[in-house]
2 protein chains.
Amino acid sequence: MPQTIFQLFAEHRTIRHFLRKPLPENDVDRILTAAQRAPTDASAQMYSIIRVTDTALRDEIATLSGEQQHIRDCGEFFVICLDVHRLDKLLKRRGTRLGMGPRVSILYGTTDAILAAANLALAAEAIGYGTCFIGGVQNRIDRLSQLLALPRGVLPIVGLCVGVSDPDWIPAQPRPRLPKAFVVHENGYRLFRNDDLEAAYTAMAPISRRKDWFPTLERYFAPDGTMARREAVMAAAWRQQGFEPEG
Amino acid sequence: MPQTIFQLFAEHRTIRHFLRKPLPENDVDRILTAAQRAPTDASAQMYSIIRVTDTALRDEIATLSGEQQHIRDCGEFFVICLDVHRLDKLLKRRGTRLGMGPRVSILYGTTDAILAAANLALAAEAIGYGTCFIGGVQNRIDRLSQLLALPRGVLPIVGLCVGVSDPDWIPAQPRPRLPKAFVVHENGYRLFRNDDLEAAYTAMAPISRRKDWFPTLERYFAPDGTMARREAVMAAAWRQQGFEPEG
């Protein structure tokens, strides 16, 4: 188990194979307490965490998220949501109401939700568990919102698997990252030249067996990719959950 | 200095008063390395960090963000941005282009940006620095994007002050949080009853000298509050930076 937070960061890798072992309730409580200690804008805590313990519900979420077996196998599965519904209820209880628009809600709510999710994952890794964020919950976020009985003002942002890593499937190496100079800019954005882009491809090549980053990027991000297909579902879900910008 | 990540979480408090001391470059490098180790969707690293070292630029950002003196005083100030511009350039270099829509870009880009920001802040706190997230950078995010020369596809999400805490101004206690049962739900969202809402107000009362959470919530989140005024600016900035949902 890493001894310092810097070792924890350096050794981080995503785990996609879990043993079917439950977590002691005390560990679940510790990691959820850590999540709640995250910074939060104006102390408003604009997020909720849905802990999914029901086997049938897990199974359905695994299917909706693109057949991700680790959602079924992991000891604990959480859906982290932005939540401005609670804030609206609190304000109404004192005679006013939530007055912020959809863009502000999305931006600050997602920020609060992910700050809590980051603490949750890091606390789990500090105990020795494996973790895997699930962006694929967005595949059918409209249906997922219904399955979790989310009221208007609540929107799933990301899933998180936590569990005992299958020792046969722990990645040998952490994934590569871009050179720091392409991610960190000083005082203003530095545009990329062609040789920068080639250097970025070279740095990220170890990500795939073919030693080429491009097929991964194309599969996810090109016009026919996974991400493009999610836009219409997200538009429907944002409308359904009360976050559609009026245009 | 906290010895474990759990102490770090438990002792977290936001610092708004810094000594005017620079950080050793080695510490800056360590915290930026930690940020880069954060999980990232499909390894795409859809974020950029603008390190603001220029004094005049800091001063202008402090003013735009609502006269936040700690932006001027802290040793290091970062603006964490979602970035799909770099991804578009990488795809174009191989003959295709970014195909995802504005909602997908906002959601995944903000998630990547905040996971990196969380690591950055935690690494800084682990070394012993104080940190303060600055949601107020959204006040004039349209103007801020121009000041930082952000191309289309890049949008500021949050600011982050890192520095040597002024020992005279370290808050005595961490801020209160809502009872866990109001933030964590099991298998589905549990709606709040009036007595839950009152319990939430009671739990959060220590946040203000008047022992009342409502004035804070009202000032930020009611129809005439700070957050409501940000919607129109964000709409303009989303359009300017290429993220406007087509409606």
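No value in this document is a laboratory result; all are computed from the given coordinates. The shown structure was predicted, so the numbers you read here are calculated from the model rather than taken from an experiment. With ideal geometry, Cβ positions are generated from the backbone for all residues, glycine too; neighbour counts draw on all protein chains shown.
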Output, in nm with one decimal and in ascending order, the distances from the B:ASP195 label point to the matching label points of the other copies (7 Å from Cα along Cα-to-Cβ). 7.2
Under 29 Å Cα to Cα from B:LYS21, which lysines show up? Leave out anything in the same chain fewer than 8 places away. A:LYS180
In whole Hz, with x marking every Gly and Pro, tabulate ³J(HN,Hα) for the range B:31-37 from phi via Karplus 6.51 cos²θ - 1.76 cosθ + 1.60, θ = phi - 60°. 6, 6, 4, 4, 4, 5, 7
Residue by residue through the range A:77-94, what is 3J(HN,Hα) from phi via Karplus (6.51 cos²θ - 1.76 cosθ + 1.60, θ = phi - 60°)? Round to whole Hz and write x for glycine and proline. 10, 10, 10, 9, 10, 7, 9, 10, 5, 4, 4, 4, 4, 5, 5, 5, 4, 10
Chain A - mean residue ellipticity at 222 nm from DSSP helices (-39,500 (n - 2.57) per run, n ≥ 4, rounded to 500): -13500 deg cm²/dmol
Normalised by the empirical 2.2 N^0.38 Å for globular proteins, what value does the Cα Rg of the range A:45-194 take? 1.24
Shielding of A:189-198 by other chains, given as the mean Cβ count within 10 Å, works out to 4
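In percent, how large is the relative contact order of the range A:108-246, given Cα pairs closer than 8 Å and 6 or more residues apart?
Normalised by residue count, the contact order of the range A:108-246 is 28 percent.
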Could you pull out every residue, at least 5 positions away or on a different chain, whose amide H is within less than 5 Å of the one on B:VAL158? Hs are placed 1.01 Å off N in the peptide plane, and Pro or chain starts have none. B:ILE80
Counting alpha carbon pairs within less than 8 Å and at least 6 residues apart, what relative contact order, in whole percent, applies to the range B:1-90? 37 percent
If I build a Gaussian network model for chain A, linking alpha-carbon pairs within less than 10 angstrom, which residue out of A:HIS185, A:HIS70, A:HIS12 has the largest mean-square fluctuation? A:HIS185
Measuring from centroid to centroid over Cα atoms, what is the spacing of the range A:154-213 and the range B:44-113 in Å? 17 Å
Please give the length that would be gained between B:ARG219 and B:ARG193 if that part of the chain were fully extended, namely 0.36 nm times their separation in residues minus their C-alpha to C-alpha distance (nm, one decimal). 7.0 nm
Considering amide H positions built from the backbone, and no H for Pro or chain starts, which residues 5 or more places from A:HIS185, or on another chain, come under 5 Å of its amide H? B:ILE49, B:ILE50, B:ARG51
Along Cα-to-Cβ, 7 Å out, sits the label point; list in nm, shortest first, how far the one on A:PRO167 is from those in the other copies. 4.8
Placing +1 on the Cβ of each Lys and Arg and -1 on the Cβ of each Asp and Glu in chain B, which of B:ALA203, B:TRP213, B:CYS81 has its Cα farthest towards the positive end of the resulting dipole? B:CYS81
What is the sum of charges around B:ARG219, taking Lys and Arg as +1, Asp and Glu as -1, for the other residues whose C-beta is under 15 Å from the C-beta of B:ARG219? +2
Taking the label point 7 Å from Cα along the Cα-Cβ vector, the copy-to-copy distances for A:ALA56, listed from shortest in nm with one decimal, are 6.7
Between A:THR63, A:THR110, A:THR53, find the one with the highest GNM mean-square fluctuation for chain A; connect C-alpha pairs within less than 10 Å. A:THR53
Phi to ³J(HN,Hα) by Karplus 6.51 cos²θ - 1.76 cosθ + 1.60 over the range B:95-109, Hz, x for Gly, Pro: x, 10, 7, 5, x, 8, x, x, 5, 4, 4, 4, 5, 6, x
Could you check which residue among B:ALA181, B:ALA200, B:ALA124 shows the biggest mean-square fluctuation in a GNM of chain B with a 10 Å Cα cutoff? B:ALA181
Rg and Dmax of the range B:149-226, using alpha carbons, in Å: what are they? 17.8, 50
